[in-house]
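Visitor: Encoded as structure tokens, here's the structure I'll be asking about.
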Amino acid sequence: MRSYVYSLWSPVSEPFKDNVLLVGDAPWFAEAEITGSMMCGWKAAHAVTLALRDNKPDREGVLSYLEWWRKSFPEHDDYRNMFLFFPFTLIFSQEELIYLYNLITRPLRTTINPFLTVSLFKEALAPSMSRIEREMPTAGEKIRLLDVNNIDTILREIKRRREG
């Protein structure tokens, strides 16, 4: 009925080895997205240009890119959050999603990282949690479940919904 292949690995600890600079999606664990890839390309090209100009064609020469990359990707967000992105719409019923989306009255913070969607959603709903617990307790349970430490439980919930 459906086919889907998505191979994800953890990000590399540093996108530089043996005088090779890895840029964009290559060192990250998934898409850097269009804007993220463009920024990576520009930052890397700028760092390499300066490294060549300053006669430092080595790690030290591209240190500005390496520091920017680390702060923009691995240190910016826990990459495991991507595991919450895919099951997000699978664990909530349509009724629960409509109810929850209607509680969000202000635009969410923008991001170029699609894997922050779940944490932004939870952040927006935090002030309404006592109301959600009262009016739709199953949705409240699922919101609390959306945490990277609950991946096994989330997968069991998805399997249960598919079977029943």
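Visitor: If you go through segment 1-41 one residue at a time, how many are at pLDDT 80 or above and out of contact with any Cys (no Cβ under 7 Å at 6 or more places or on another chain)?
Guide: 14
Visitor: Let me ask something else about it. Which residues, counting only those in segment 35-56, are in contact (Cβ under 8 Å) with a residue 24 or more places away in the chain and surrounded by 12 or more Cβ atoms within 10 Å (Cβ to Cβ)? Break it down stepwise before answering.
Guide: Filtering segment 35-56 down to residues in contact (Cβ under 8 Å) with a residue 24 or more places away in the chain leaves 35-36, 39-40, 43, 47-48.
Passing the criteria: GLY36, MET39, CYS40, LYS43, ALA47, VAL48.
Visitor: I'm checking my understanding of the structure. Among residues of segment 74-104 that are β-branched (Val, Ile, Thr) and assigned to a helix (DSSP H, G or I), which one is modelled with the highest pLDDT? It would help to see each step written out before you state the result.
Guide: Going through segment 74-104, the residues β-branched (Val, Ile, Thr) turn out to be 89, 91, 98, 104.
Now restrict to residues that are assigned to a helix (DSSP H, G or I): 89, 91, 98.
Working: THR89: 75, ILE91: 84, ILE98: 94.
In this case the residue turns out to be ILE98.
Visitor: Are any residues in segment 60-91 surrounded by 15 or more Cβ atoms within 10 Å (Cβ to Cβ) and among the basic types (Lys, Arg), and if so, which ones?
Guide: Matches in segment 60-91: ARG70 only.
Visitor: What about PHE73, is it aromatic (Phe, Trp, Tyr) and within 11 Å of PRO11 (Cβ to Cβ)? First the steps, then the outcome.
Guide: Details: aromatic (Phe, Trp, Tyr): yes; within 11 Å of PRO11 (Cβ to Cβ): yes.
Considered against the rule, which asks whether it is aromatic (Phe, Trp, Tyr) and within 11 Å of PRO11 (Cβ to Cβ), PHE73 comes out as yes.
Visitor: Restricting to segment 120-164, and then to whatever is basic (Lys, Arg) and touching a helix residue (DSSP H, G or I) at 6+ places or on another chain (Cβ under 9 Å), can you tell me which residue is farthest from THR105 (Cα to Cα)?
Guide: Among those residues, the one meeting the criterion is ARG162.
Visitor: Next up: Quick check: anything in segment 60-69 farther than 27 Å from ASN149 by Cα, assigned to a loop (DSSP other than H, G, I, E, B) and touching a residue at least 12 places away in the same chain (Cβ under 8 Å)? Give the steps one after another, and end with the answer.
Guide: Quick first cut of segment 60-69, residues farther than 27 Å from ASN149 by Cα only: 60-68.
This time we only want the ones that are assigned to a loop (DSSP other than H, G, I, E, B), so: none.
Looking for residues that are farther than 27 Å from ASN149 by Cα, assigned to a loop (DSSP other than H, G, I, E, B) and touching a residue at least 12 places away in the same chain (Cβ under 8 Å), one finds none in segment 60-69, hence no.
Visitor: While we're looking at this one, here's another question. Test ASN102 against the stated conditions and say whether it is closer than 22 Å to VAL23 by Cβ and exposed (fewer than 14 other Cβ atoms within 10 Å of the Cβ).
Guide: no
Visitor: Of the conditions (1) more than 30 Å from SER37 (Cα to Cα); (2) within 22 Å of the chain's Cα centre (by Cα); (3) among the small types (Gly, Ala, Ser), ALA124 clears all except one; give me its number.
Guide: If we test ALA124 against (1) more than 30 Å from SER37 (Cα to Cα); (2) within 22 Å of the chain's Cα centre (by Cα); (3) among the small types (Gly, Ala, Ser), just (1) comes out false.
The values are calculated or read from the model by the stated rules, or taken from the named source; none is laboratory data. Predicted model, so just to flag it, every value in this text is computed and none were measured. Cβ atoms come from the backbone with ideal geometry, glycine included; neighbour counts cover every protein chain shown.
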